[in-house]
Amino acid sequence: MNLPIYLHVGRLSLADILEYRVDNIIRIGRYVLTISFALFLWMAIGNETTITEINIQELIGYYVAAMIIYGTSNYHLDYIERDIRLGYMSKYLTKPVSAFWYYFAHQATVALYDIIVKSILFLPFIAFTSIFSITTVLKLSIVSLLLAVTFATTFSLYYCFSSLAFWFQQVDSLRMTLLFFRPLLIRHDYPILLFS
Amino acid sequence: MTQFVFIRRFSHYWRVYKQIISFNLSLLLAYRFNVLVHSLYGFTFMLGVYLIILVAFTQTQTIGGFSQAEITLMYLTSLTLWTLLESTVFEGYKFFMIEDVAIGQFDKYLLKPLIPQVLVAMSRPHLTSFVYFIVIFVGFIWYGSSFFLAASLLQIVGFLLFFLIGLGIHINLFSTYATLAFHLTRSSQLIRTLQSVSDQAFYPPPIYPKPIQLILFSFLPTAYGAYIPVSILLGKENSTHMIIAVIALPIVIFINHWAWKIGLRSYTSASS
């Protein structure tokens, strides 16, 4: 595996994100708004009643942490299907790069960027909660490793589905069949205690 | 104004729109399994959001002074508005921002003796969303019937009037946002923001801090689509919010008209 090439792909992806400044600011605004709406909803509930299952601070900490790492599994690879359909995939046949690792490097950069931006944005919320007061370096390392494994696994799975575009015109539905129950779990980022 | 020209020549536009719908229908029928899965996926997504309401009300009796049944009605109203928007104009604006201007597709609208702004809005009717709209609308009527029966005639008329005002504000604001495509190379994140916020921001705005409330009454106008009409129906209306809605509509229509004028003036096609 030619690592410098893929690192360069990652740098290019980052440059691409940062190049479109207004779009990027809107993306950051979206992170803030979507997370804030849920947080303020639960804070409003916390003001009206006492949640017995979980402390409101813990709930907020859990939710923010879950939303920060959400990007490791929540993405679509429909651009790969488009590349296959339009024949852009041919470029990988003439270059000493693997299509899989090329897209992997791109998507991993986007996911890492998401995590870093969200972490910075929600640092005040994280500081407000007690979630990191019990965290050790070892625990953080294990979580980071698990996140990397989650990303690699979901990417490989989605990539398999996208590669069906070699045979089918529309593979959206096949991918969505796999993800069919995800909308029901869309707020899986809430502690499971609340669903009891 | 564009809206008045459109209304005056409605039958002409309707003939064009029918052809676009028929073309989209044939596309849908070509990928039937795809459409079926997309439809089911959309419904499970809506159900997922509803589950959050259920979970929230296991912890409290009211949110912002509204009961579970009232919040559910608010959610159904919001869904009715959004599915109506998505089945008619939203996809047109979305693809206009993502690719029509960037790759020069917009040129074709300028060659026709019709208003480009209207053609963009009706260029991509989303028939799967229309199925959602029908189902949600039936559900809304079924669920909301008890509220309508309990309300006075004035409240029902107020609900309908402010729902239409909310719809008008949404369409004109989205149309205004679409004009960003004339000035920016990439603006697709805005579309994603509008969609993701609409799933969460149907709760009563008073539960949020002032800056967020300000956003819900301006840039992301979800408050106009569900909260204000439902509040009127339930007799919990806030006269300030109603006045803001009535004033906001002509302002947004004017901004939209002005934004398109500026955008069209600066557009020189993708090839130039």
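Just so you know, all these numbers are worked out from the coordinates, no wet-lab data involved. Since the model is a prediction, treat every value here as computed from it, not as a measurement. Here the Cβ is made from the backbone with ideal geometry for all residues, glycine too, and neighbour counts use every protein chain on show.
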Looking at B:Ala223, B:Val16, B:Phe147, which one has the Cα that reaches farthest to the positive end of the dipole of chain B (charges on Cβ: Lys, Arg +1; Asp, Glu -1)? B:Val16
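Treat every Asp and Glu Cβ in region A:1-80 as -1 and every Lys and Arg Cβ as +1, leave all other atoms uncharged, and give the resulting dipole magnitude about the Cα centre to the nearest 20 debye.
The dipole of region A:1-80 has a size of about 260 debye.
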Counting sequence-distant residues (5 or more places) and residues on other chains, those with an amide H built under 5 Å from that of B:Arg124 are B:Gly92
Hydropathy at least 0.0 by Kyte-Doolittle, axial extent at least 20 angstrom from the Cα trace: which helices of chain B, defined as entire DSSP H runs, fit? B:10-30, B:32-56, B:68-85, B:127-150, B:153-178, B:239-266
If contacts are Cα pairs under 8 angstrom and at least 6 residues apart, what is the relative contact order of chain B in percent? 26 percent
With a ≥ b ≥ c from the Cα gyration tensor eigenvalues, square-rooted, and the rule rounded for a/c under 1.5, otherwise prolate when a/b > b/c and oblate otherwise, region A:22-105 is prolate
When a/c reaches 1.5 or more, the comparison of a/b and b/c decides; with that in mind, is chain B rounded, prolate or oblate per its Cα gyration tensor? prolate
Span from the region B:190-223 Cα centroid across to the region B:106-164 one, whole angstrom: 19 Å
Calculated [θ] (222 nm, deg cm²/dmol) that DSSP helices of n ≥ 4 give over chain B, each run adding -39,500 (n - 2.57): -22500 deg cm²/dmol
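Using packing as a proxy for protection, rank B:228-235, B:240-247 so that the peptide with the highest average count of other Cβ atoms within 10 Å comes first.
Going by the mean number of other Cβ atoms within 10 Å, highest first, we get B:228-235, B:240-247.
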In whole Hz, what ³J(HN,Hα) sequence does region A:113-119 give by Karplus (6.51, -1.76, 1.60; θ = phi - 60°), x for Gly and Pro? 4, 4, 5, 5, 4, 5, 4
Apply the a/c threshold of 1.5 to the C-alpha gyration tensor of region B:131-247 and tell me whether it is rounded, prolate or oblate. prolate
Report the local net charge at B:Leu25: Lys and Arg +1, Asp and Glu -1, summed over other residues whose C-beta lies under 13 Å from its C-beta. +3
